[in-house]
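Inspection log for the structure reproduced underneath, given as structure tokens.
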Amino acid sequence: MYNKKQLIFLVTVSYLLLACNPVEYKQKGKVVKVDPSHFITDNLLAEIEEKVVKLDGIETDCYVIKSRSRAVEHPMGPWCPTHLSDGADKGGIWFKDGKVYDVTGEFIAHLDKFYNDEEWKLYREDSSINVTNTLEGCLGAAKPNVEKAYQNHCVECLPEYFEDQSTTFIIPISPVYASRPSSSRHKALGLAFNGVKFDPPAPENAILSAHTLAPLDDHGGHVNPHGGYHYHAVTGSIKEIKQEDGHAPMIGYALDGFGIYAELDEEGKPSEDLDECGGHFDELRGYHYHAGPAGGNQIIKCLHGLVGEQISKE
């Protein structure tokens, strides 16, 4: 283990190395421009506009895309079952070790064994399940420090608790490859063609430490009080653009303008040469990303281009 002085030294050295080696941006491989016609217009708040925006000090031609946070091409929810007898149709999905599990009443009943922790008990003596079924409960549980009253609960925030939030995405029209990837911990990684955000991983440790579940619906999304409906997983529910060569279908764009494609190709096979962000090059699509498996809680891991902007309005 490092002591405090050693950690400070390592952080300082890392910072200096990054400062001395700034990110370089250059076109690499085939460049595929963002195609605004791919987006479902019913969920957009305005026509997609072109605008010159300074990104990381670079004047960049961008598309400005304003969308609602709610999905229009599929229903949202359900998330939490309300009784131990409820089946998969009454709940969403959860993940562990890369696998997806249906959040049924039976699943809720055995969380103590699932996590090898006797403190898990999300149900009452009458077999009803503790669910945050009010706005107050949602706000008390859907945050890093879960209020004590809402620990050992199944957490769901219904879309109707909040006015439909809007998000503005500013994305380079012609994506530019970066010499070094960047993380996107506090903003969207990209968006689906329906305008809904692809978010960074759900804060699994914070959720589980309070003995709560925050299930995704079967479409891979849930609602956050400050971000509206968003996806943490790709499950095949959203618009896909078929690729004539059998490649995995396209499902959206990353915030740097590179395309995002599904995990598996037409034969059900994943790509094997992906980089640390989940991307690679090919002759037809240039650099692009592939979504991770639905149970991985990570659609893409980082961004490898000149990153645009995302502005949410509550």
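What follows draws every value from the coordinates through simple rules; no lab data is involved. Quick caveat, the model's predicted, so the values are computed rather than measured. A quick note on method: Cβ atoms are made from the backbone with ideal geometry, for glycine too, and the neighbour counts reach across all protein chains shown.
Dividing the alpha-carbon Rg of the stretch 188-314 by 2.2 N^0.38 Å yields what? It would help to have the intermediate numbers written out before the result.
On the way: Rg = 14.6 Å, N = 127, 2.2 N^0.38 = 13.9 Å.
With N residues counted in the stretch 188-314, Rg over 2.2 N^0.38 Å equals 1.05.
With viscosity set to 0.890 mPa s and temperature to 25 °C, compute the Stokes-Einstein D of the stretch 67-127, Rh being the Kirkwood radius across alpha carbon pairs; µm²/s, no decimals.
The Stokes-Einstein estimate is 189 µm²/s.
Which far-off residues, 5 or more places away or on another chain, put their amide H under 5 Å from the one on G252, with H placed in the peptide plane?
I260
What percent of all Cα-Cα pairs in the stretch 48-186 falls into each 5 Å bin, going from 0 up to the bin containing the maximum distance?
2, 8, 12, 15, 15, 11, 10, 9, 8, 6, 3, 1, 0
Any chance you could give the angle, 0 to 90 degrees and rounded to 10, that helix 4-20 forms with the longest Cα principal axis of the chain?
Helix 4-20 and the main axis of the chain meet at about 30 degrees.
Can you pull the Rg over Rh of the stretch 113-181, Cα-only, Kirkwood? Provide the component values of the computation, followed by the final result.
On the way: Rg = 19.4 Å, Rh = 15.7 Å.
Here the Rg-to-Rh quotient is 1.23.
Jot down the per residue volume, in cubic angstrom and as a whole number, of the convex hull over the alpha-carbon atoms of the stretch 152-246.
Considering the Cα atoms of the stretch 152-246, their hull volume per residue is 153 Å³.
Tell me, rounded to the nearest percent, the portion of alpha carbon pairs in the chain spaced more than 24 Å apart.
Numbers: 27685 of 49141 pairs.
Distances greater than 24 Å cover 56 percent of the Cα pairs.
Using a 10 Å cut-off around each Cβ, can you sort D273, D199 from fewest to most neighbouring Cβ atoms? Walk me through the numbers before you get to the answer.
Values: D273 8, D199 22.
Least crowded to most crowded, the residues run D273, D199.
For the stretch 243-294, count all C-alpha to C-alpha pairs, find those more than 18 Å apart, and express that count as a whole percent of the total.
Of all Cα-Cα pairs in the stretch 243-294, 19 percent lie more than 18 Å apart.
Using Cα-Cα distances under 8 Å and only pairs 6 or more residues apart, what relative contact order does the stretch 131-230 have, in percent? Each step should come with its number before you reach the end.
On the way: 109 pairs, mean separation 33.8, N = 100.
In percent, rounded to a whole number, it is 34.
Collect residues whose amide H, placed 1.01 Å from N in the peptide plane, falls under 5 Å from the amide H of G305; neighbours closer than 5 in sequence don't count.
Amide H neighbours of G305, under 5 Å, 5+ apart: A178, S182.
With contacts defined as alpha carbon pairs under 8 Å and 6 or more residues apart, what's the relative contact order of the chain in percent?
On the way: 721 pairs, mean separation 71.0, N = 314.
Relative contact order, the chain: 23 percent.
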